[in-house]
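A short worksheet on the structure shown next.
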Amino acid sequence: MQQTDVLIVGGGPSGASAALSLLNYSTCDVTIVEQSDFSQTRVGEHVSSSIFDLIHYLQLNKSDFEKDSFIPSFASKTYWGSDEVSTTNAIFTTDEATFQMDREKFDFKLIEVAAKRGATIYPRTKCVAYTQLEDKTWQVSLTHPSEGKFIIKANYLVDATGRESNVCRKVNVPSKKIDSLMGIGLFLELGNNSKKFEQTLESVELGWWYAACLPNNKMVMTLFTDADIISEHKLHQLESWNQILQKSKHIKHLIHDARALSDKLWVRNAQTQLCDPRSIERFVAIGDAAVSFDPISSMGIGFSISSACFAAKHIANELEENRSTIDVLQEDIIQNFNHYLKIRAEYYQMEKRWPSSKFWQRRASFN
Ligand SMILES: Cc1cc2nc3c(=O)[nH]c(=O)nc-3n(C[C@H](O)[C@H](O)[C@H](O)COP(=O)(O)OP(=O)(O)OC[C@H]3O[C@@H](n4cnc5c(N)ncnc54)[C@H](O)[C@@H]3O)c2cc1C
């Protein structure tokens, strides 16, 4: 049976950052299990400049990332609450520079450096069952398409599986789901006559649209709405999605002369949710698995890294000094989550144009 100090389930930004923090600042050895082969399309790319402080803490610099991993996006245009455009530097942070990242390059660099610094990584491997033994260590069952089933024993278990919170769900962590928001989108290549544009948001009756230019002459166009509205209007089908896009007043013009990079839309869970694993010892959730924020806040990637760095410190306290301090992290997370819910409610409640729309009615009653 294989053995590790810390078993991290999920190799996204939070899992890789937790591994890097542990490897940089503790003596713990680390294993990351990732179900994919790291080649899947990653979405979510708008970050504030504070991302560079976080990667600096991970002992990385902006220059360690491939060229064009980050492009500056100085302004964002919003058509929200009225047809008048409002231009700001970012949605919640008005005074910071922001960037659009190449998510594949960013996520891959983090995992590559974690491997170089000594993390053991199992790609294409899925964790399927978790048992906590009497001495509080974990026995985790895994499966790999060609290697088959095997077990890893760990002193500490970390859920970094993203919005699905797969480990939390399996070990029965209480959770609070606030909505059922989803993003349905398309990546496109800008054409010769396409103009570079500011990150743009437009609210519509069924939800809101988001478009942004990305590194390497690409752009993304996403519709955010609730899961039941997607089914009702068949919005996962390109034709219906396009019809709704054509009903927008402004954002539809941005795809003029751009070429879709796929004939299939991607669909992602974008719900707001909180997991509270305080009842389980030697276990922590980080990144989206701990709290998933509405993408309108652009808080997800920054929080994934910062929560991972803090969690790593608490894990080291417990494994190296036998001091359990992890509840401090969870209490901070809950406090920040409640603050975020307030700002989010205020932002959504600025839109009052569609009082009979299911999407906006649900958001009018948040507190
Ligand atoms: C449409 C959309 C737009 C977004 N836009 C932004 C944005 O502009 N700015 C921003 O900051 N954030 C944005 N976000 C949020 C951002 O993408 C996430 O916060 C970030 O990816 C979270 O990182 P993570 O490592 O916690 O989870 P993830 O990136 O989801 O990584 C989790 C990993 O765990 C793996 N995994 C899951 N289950 C298992 C298992 N059982 N065994 C092994 N591996 C497993 C998955 O394959 C995945 O690689 C957006 C999200 C969405 C959905």
Subset of region 246-257 (residues that are of a type outside the set (D, E, K, R), within 21 Å of residue 207 (Cβ to Cβ) and out of contact with any Phe, Trp or Tyr (no Cβ under 7 Å at 6 or more places or on another chain)): 246, 253, 255
Odd one out for residue 127, checked against (1) more than 26 Å from residue 46 (Cα to Cα); (2) surrounded by 19 or more Cβ atoms within 10 Å (Cβ to Cβ); (3) more than 9 Å from the ligand (Cβ to nearest atom): (3)
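Report the residue count in region 245-266 for those that are within 14 Å of the ligand (Cβ to nearest atom) and either outside the structural domain of residue 224 (by TED's automatic domain parsing) or surrounded by fewer than 18 Cβ atoms within 10 Å (Cβ to Cβ) (or both). Lay out the reasoning, then the answer.
Filtering region 245-266 for residues within 14 Å of the ligand (Cβ to nearest atom) gives 265-266.
Now narrow it down to the ones that are either outside the structural domain of residue 224 (by TED's automatic domain parsing) or surrounded by fewer than 18 Cβ atoms within 10 Å (Cβ to Cβ) (or both): 266.
Qualifying residue count for the region: 1.
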Single unsatisfied condition, residue 316 versus (1) away from the ligand (no atom under 16 Å from the Cβ); (2) surrounded by fewer than 21 Cβ atoms within 10 Å (Cβ to Cβ); (3) not charged (D, E, K, R): (2)
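Got a sec? Which of 55, 8 is away from the ligand (no atom under 12 Å from the Cβ) and touching a Ser or Thr at 6+ places or on another chain (Cβ under 9 Å)? Break it down into steps so the answer makes sense when it comes.
Working: 8 fails: away from the ligand (no atom under 12 Å from the Cβ).
None of the others qualify; the one that does is 55.
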Filter result (modelled with pLDDT of 95 or more and either aliphatic (A, V, I, L, M) or exposed (fewer than 12 other Cβ atoms within 10 Å of the Cβ) (or both)) within region 267-279: 267, 270, 274
Selection count, region 322-367, where residues are over 18 Å from residue 176 (Cβ atoms), polar (S, T, N, Q) and assigned to a loop (DSSP other than H, G, I, E, B): 6
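Looking at 52, 38 in this structure, which one is farther than 24 Å from residue 221 by Cβ, of a type outside the set (Lys, Arg) and without any contact (Cβ under 8 Å) to a residue 12 or more places away in the chain? Steps first, please.
On the way: 38 fails: without any contact (Cβ under 8 Å) to a residue 12 or more places away in the chain.
So the residue among 52, 38 that is farther than 24 Å from residue 221 by Cβ, of a type outside the set (Lys, Arg) and without any contact (Cβ under 8 Å) to a residue 12 or more places away in the chain is 52.
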Residues that are of a type in the set (S, T, N, Q) and within 14 Å of the ligand (Cβ to nearest atom), drawn from region 149-189: 161, 165, 166, 180
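Out of 146, 82, which single residue is free of Cβ contacts under 8 Å to residues at least 12 places away in the same chain and more than 14 Å from the ligand (Cβ to nearest atom)? Step through it out loud before you land on a result.
Values: 82 fails: free of Cβ contacts under 8 Å to residues at least 12 places away in the same chain.
Being free of Cβ contacts under 8 Å to residues at least 12 places away in the same chain and more than 14 Å from the ligand (Cβ to nearest atom) holds for just one of 146, 82, which is 146.
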Residue match in region 299-307 (condition: buried (at least 19 other Cβ atoms within 10 Å of the Cβ), at pLDDT 95 or above and among the aromatic types (Phe, Trp, Tyr)): yes
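Could you check how many residues of region 167-225 are of a type outside the set (Lys, Arg) and part of a strand (DSSP E or B)? Give the derivation first.
Just the residues of region 167-225 that are of a type outside the set (Lys, Arg), to begin with: 167-168, 171-175, 178-194, 197-217, 219-225.
If we keep only those that are part of a strand (DSSP E or B) as well, we get 175, 181-189, 199-204, 207-214, 219-225.
Selection size over region 167-225: 31.
Take the residues in region 11-44 that are surrounded by 24 or more Cβ atoms within 10 Å (Cβ to Cβ) and part of a loop (DSSP other than H, G, I, E, B); name whichever of them is farthest from the ligand (Cβ to nearest atom).
Residue satisfying both the conditions and the ranking: 11.
The values are calculated or read from the model by the stated rules, or taken from the named source; none is laboratory data. These numbers come from a predicted model, not from an experiment. Glycine also receives a Cβ, built like all others from the backbone with ideal geometry; neighbour counts cover every protein chain displayed.
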